[in-house]
Amino acid sequence: MIFSAADRPLMFLDVDGPLIPLRSRPAGRRTFPDEDLRDYGNPLLYRLDPDDGRRLLALNCELVWATTWMADANEVLSPLLGLPELPVVEWPGTDVDPPHGLHWKTKPIIEWAAGRPFVWLDDELTDADREWAAAQHGNRALLHRVDPYAGLTEADYSLIRHWLAE
């Protein structure tokens, strides 16, 4: 589905788990050669799939980093994935406790979305986050838990494309 810039859904991206899985990618899945990433200082960057940037851009969403990588995501990951510089969700101080049972990112993401439809890809989402978003957010929202050991898969992309088309 094609959206105008004003009503394009947001897509909040977590890094560790969804884009950098906890396990190595299966054989046959593209990754970066270790020698291409030596200067970046993170030994797990080779687990990035260089095609994820293209796949994410093809979803016609406004991409937003929602990760503890903060601005480092733009400096390190965006160039590796072929992404432009993306907005970054700024997290509240550590003294702010989330409502009971919620992920600490949930409330700031709902606030950042400001009523726009959104997709949030994270490996730590629960039903509590989905229920809270449904009650607090005045628009469509897909809070999708990505398997942190596999990272984003074609099944994840298919589910997102289906949700966007609804």
May I ask for the net charge around D122, where only other residues with Cβ less than 13 Å from the Cβ of D122 are counted and Lys, Arg are +1 while Asp, Glu are -1? -4
Sites D7 and E154 - FRET efficiency at Förster radius 30 Å, r taken between beta-carbons, to 0.05: 0.65
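What relative contact order, as a whole-number percentage, does segment 98-166 give when Cα pairs under 8 Å and 6 or more residues apart are counted? Present the calculation step by step, with values, prior to reporting the outcome.
Details: 64 pairs, mean separation 21.4, N = 69.
31 percent.
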Under-5 Å amide H pairs with L10, H placed in peptide plane, nonlocal only: E62, F118, V119
Highest first, please rank the peptides 67-74, 7-14, 83-90 by the mean number of other Cβ atoms sitting within 10 Å of their residues. 7-14, 67-74, 83-90
Each label sits 7 Å from Cα toward the beta-carbon; between W104 and R161 the label points are separated, in nm, by 3.6 nm
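FYI, it's all coordinate maths here, none of it is from the lab. What you are looking at is a predicted structure, and each value in this text was computed from that prediction instead of being measured. Glycine also receives a Cβ, built like all others from the backbone with ideal geometry; neighbour counts cover every protein chain displayed.
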